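The next block holds one structure in the form of structure tokens; read it before the comments.
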Amino acid sequence: MGKIFCVANQKGGVGKTTTTVNLAAGLAQVGQRVLMVDLDPQGNATMGSGVDKRQLKLSLYDVLLESATISAARVQSEKLIEAGCSYDILGANRELAGAEVELVDVERREKRLKQALVAVDKEYDFVLIDCPPSLSMLTLNGLCSANGVIVPMQCEYFALEGLTDLVNTIKQVHANLNPDLQLIGLLRVMFDSRITLQQQVSEQLKDHFGDKVFDAVIPRNVRLAEAPSYGLPGVVFDPSAKGSQAFVEFAREMVARVGKL
């Protein structure tokens, strides 16, 4: 059975989507079977994987409302197939924002995604869920489905405050809704080793969270930032870029860490 991971952080603009699509591509590159679930109505992870969210015939919205299965709704990107590191994509678009309203009166509404994943989880080694920045019904569906949470974060003061909130949320979901949920690790992203504050925050993280901090560090990298405008993960757009290579290393570290779970 595949391991299901949410990429989550209640703070916006920390690189959740960049982390999700590049980790998916990196895992595919090292031979893993991957499903990427876009849980954000903005659909950035869908577009960043080379799929036009406006052309989706079926999306996560249909899966959550139980009018389609994941097998029927998942798609692949021609660009990624050509690059040799393709993964399955359960895409999202603006329709998904309506799902929260439509699920308000539904029993066990926070378990809809979990139920849908049961049918396909033997087909994948990894399921990666890109969560929106708010703690909404959509994010709750992701957390209720997952074995663990990967937290991308910048090494800045406000990021530490947001992390405290997220850890409390994970504890509450673990206690009340999903006893399998755990914090898998913290990924330092957009890291610039020349900035003293970032080094200090990085050391604080390692002191406080120990081996929960991934060894991989994703540097601040222009090529990673450019890649989404071409509809590609950075790992595919420019494999030689430092950021891309760091994500492939992170993918290998994830495979090793999952082996120990």
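The values are calculated or read from the model by the stated rules, or taken from the named source; none is laboratory data. These numbers come from a predicted model, not from an experiment. All Cβ positions, even for glycine, are placed from backbone atoms using ideal geometry, and neighbour counts span all protein chains on display. Ligands, DNA and RNA are stripped out before the accessible areas are found, and what is left, the full protein with its side chains, is counted by its heavy atoms. Shrake-Rupley method; radii C 1.70, N 1.55, O 1.52, S 1.80 Å.
Observations, loosely collected:
- Residues in the chain average 45 Å² of solvent-accessible surface per residue, probe 1.4 Å, ligands and nucleic acids excluded.
- Range of Cα positions in segment 84-198 per principal axis (Å), largest first: 49, 39, 30
- Mean projection of the Cα convex hull over all viewing directions, computed for the chain: 12.7 nm².
- All Cα-Cα separations within segment 96-141 were binned at 5 Å from zero, giving a P(r) of 5, 18, 28, 23, 15, 9, 2, each value a whole percent of the pairs.
- Just the protein heavy atoms count here, and of the accessible area of the chain at 1.4 Å, carbon and sulfur take up 50 percent.
- Cα centroid separation - segment 1-43 against segment 208-261, whole Å: 11
- Membrane-span-like helices in the chain (whole DSSP H runs, Cα extent of at least 15 Å along the helix axis, mean Kyte-Doolittle hydropathy of at least -1.0): 16-29, 157-176, 242-260.
- Cα-based shape type of segment 215-261, given that a ≥ b ≥ c are square roots of the gyration tensor eigenvalues and the cut on a/c is 1.5: prolate
- Considering only the Cα atoms of segment 166-261, their convex hull presents on average a projected area of 7.8 nm².
- Segment 110-261: relative contact order as a whole-number percent, Cα under 8 Å and 6+ apart: 17
- Taking all C-alpha pairs of segment 48-92, those more than 15 Å from each other amount to 40 percent.
- Net charge of the neighbourhood of GLN199, taken over other residues with C-beta under 15 Å away and scored Lys/Arg +1, Asp/Glu -1, is 0.
- Calculated FRET efficiency, ASN168 to GLU102, Cβ-Cβ distance, R0 = 41 Å: about 0.90 to the nearest 0.05.
- Relative contact order %, the chain, counting alpha carbon pairs below 8 Å whose residues are six or more apart: 27
- The residue list SER77, PHE191, ASN141 was ranked by how far each Cα lies along the charge dipole of the chain toward its positive end, using unit charges on Cβ atoms, and PHE191 comes out on top.
- Amide H contacts of VAL213 (H built 1.01 Å from N, under 5 Å, at least 5 apart or other chain): LEU186
- For the chain, the share of DSSP beta bridges that are antiparallel, to the nearest 5, is 5%.
- Charge dipole of the chain about the Cα centre (unit charges at C-beta), most positive-ward option of GLY210, LEU224, VAL7: GLY210
- Measuring between their Cα centroids, segment 186-203 and segment 60-110 lie 34 Å from each other.
- Too-long pairs where the Cα-Cα distance tops 22 Å, listed order kept, from LYS3/LYS206; LYS53/LYS111; LYS16/LYS242; LYS171/LYS206; LYS79/LYS114; LYS11/LYS122: LYS3/LYS206; LYS53/LYS111; LYS79/LYS114; LYS11/LYS122
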